[in-house]
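Just so it is clear, none of the values below were taken in a lab; they were calculated from the coordinates. All values reported here derive from a predicted model rather than from experimental measurement. Please note: Cβ atoms are built from the backbone with ideal geometry, for glycine as well, and neighbour counts cover all protein chains shown.
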Amino acid sequence: MLTYKALAALLSYPSDTLRQAVGQGEIQAVLAGEGLLKRKHLEGLNALCAELAEWSLLDLQERYVDLFDRSRSRSLHLFEHVHGESRDRGQAMVDLGTMYSQAGLEIAAKELPDYLPLYLEYLSVLDPQEARQRLAQPIHVIAAIGARLNNRGSSYAAIFDAMEALAAEKADKAALETMLAEEDDDPNDTERLDASWAEEPVSFGPTAPGTGGNDCGRIKQIAERIAAAKAG
């Protein structure tokens, strides 16, 4: 499904190729033509496309780094929000990489399997219903990042709103509230950001969302584990 590939492109690190694609309306045409998204979502994505076409590449890249690369709370690596740097993350990466291989996808050496644009590329080759179910597995992480971007007034929030609309299930309220209870970090607050990265991560085991399991109901279990970890 080309919609997932288009969203993956928009969420990737800005490049001249991306600027050319949105400047010529290619990505916008794909999103509108496939008909998976409603008008309100297309309007938000078109606003982002306009920025990508009009801003200088340097400004676009600087904004991207500040939003995603220098932030733990808005990281585009899904397992960072679930496993942190624990050993479970390594096994989850292996499992996800295996899923990609089975779907005929090859991962570039520079990319980690849990990078969200790469996960969207994977979803694009699946059956439509399976893609929606797979997207629902990490949807509480996606919703949390989207909420933080919306609070910042970022046009990138439109991508996350679109993903929520495409997913087979909505984010579990308890899991989402727990994630959002953590303060959104500021890339300019280097001292606090360093402290955040140094914190001991909470591990939720190899069945966390995004690892490729078939049980989309795991979100509730994860919320309970988060709550237990917080209480402890």
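The table below lists the values:
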{"item": "Approximate spin-label separation ASP69-ASP184, in nm, with each point projected 7 Å along Cα-to-Cβ", "result": "2.1 nm"}
{"item": "Values of log10 I(q)/I(0), in the order q = 0.11, 0.13, 0.27 Å⁻¹, for region 95-171 under a Debye, Cα-only, solvent-free model", "result": "-0.30, -0.41, -1.25"}
{"item": "Ranked list, fewest to most other Cβ atoms within 10 Å of each Cβ, for LYS5, LYS110, LYS38, LYS170", "result": "LYS110, LYS38, LYS170, LYS5"}
{"item": "Hull volume in cubic angstrom per residue (convex hull over the Cα atoms of region 1-118)", "result": "124 Å³"}
